[in-house]
1. Would you mind calculating the gained length between residue 101 and residue 310 on full extension (0.36 nm times residue separation, minus the Cα-Cα distance), in nm to one decimal?
2. May I ask you to derive the FRET efficiency for residue 164 and residue 22 from their Cβ-Cβ distance with R0 = 35 Å, giving the value to the nearest 0.05?
3. For the chain, find the longest principal axis of its Cα atoms and tell me its angle to the long axis of helix 256-265, 0 to 90°, nearest 10.
4. Does anyone have the angle between helix 28-40 and the longest principal axis of the chain? Alpha-carbon axes, 0 to 90°, nearest 10?
5. For n ≥ 4 DSSP H runs only, could you compute -39500 (n - 2.57) per run for the chain, divide by its residues and tell me the 222 nm figure to the nearest 500?
6. If I fit a long axis through the Cα atoms of helix 155-164 and take the longest principal axis of the Cα atoms of the chain, what angle between them do I get, 0 to 90°, rounded to 10?
7. Taking R0 as 30 Å, what's the FRET efficiency between residue 40 and residue 269 from their Cβ-Cβ distance, rounded to 0.05?
8. Can you match Rg and Dmax of the Cα atoms in Å to one of these, [x] 19.1, 62; [y] 20.0, 70; [z] 19.0, 58, based on a calculation from the structure here?
């Protein structure tokens, strides 16, 4: 498992993350088996959000109930959670009061004294960045949050926060997969008049912005065809792509899901892949792509097979 230091922090992290948004209906044994499979593969970083589950903080609470971590075991795991989405509506709230109250709720649900990484879940159009800065400062000073980041933010939204927030913005969690890759493929077709792929839809080079400012991109839905449109792996809609994936999987001696992971982790931006599966075998298989040495030719072949324009 490839590891690195999360920029601006003292947190050593794997480049594969276990997402836990779908564990509300899982038994304690199933949750423990899922986490154990991740740990055995070298994944000691888990991703939560206050809204995951049927009720507020439900998945965080189920994780704590099932794992019952000792202090030493807690120290071995990096826990990330997110704040900012209000289910009633929905609407977004990055006010000082909401951020602090949500973190307090997460700490209770997770049965821990600290969150390792806190992300603002979705951009709040009414954000007052001074309030975010104050919340981050107070939470860090109190020892309740170690590091901070955002999710689904554009470069300019991040720049607005960075004008006021004194803590490093260490993470931006963005949707990215082989078939949903505008943060990568837009740049490949830049300035091509009439080419839809050239359209800038992320506020202008989200991935390049992250690299310039030492922000780690976390790729969510890494196997989804689009915005919750189902997985592309094994789908007849992506026959050409799966043929390439299957051939490379056989050549490298790994399952196909590892190739889909490796397409992201091969990128020099040092991104993290956030797994959403609750199947231990898929976690194990995906983790095998962590440091798979895809060649440039293989990476671009996969990109073409996914339907992206390589001029």
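No value in this document is a laboratory result; all are computed from the given coordinates. Worth saying up front: this structure is predicted, and the values here are computed from it rather than measured. Cβ atoms come from the backbone with ideal geometry, glycine included; neighbour counts cover every protein chain shown.
1. Result for the pair: 70.5 nm of gain on full extension.
2. 0.50
3. Between the helix axis and the principal axis of the chain, the angle is about 70 degrees.
4. Rounded to the nearest ten degrees, it is 60.
5. Values: 12 runs with 122 residues, N = 311.
Result for the chain: -11500 deg cm²/dmol, rounded to the nearest 500.
6. 30
7. In this case the efficiency is close to 0.65.
8. Matching entry in [x] 19.1, 62; [y] 20.0, 70; [z] 19.0, 58: [z].
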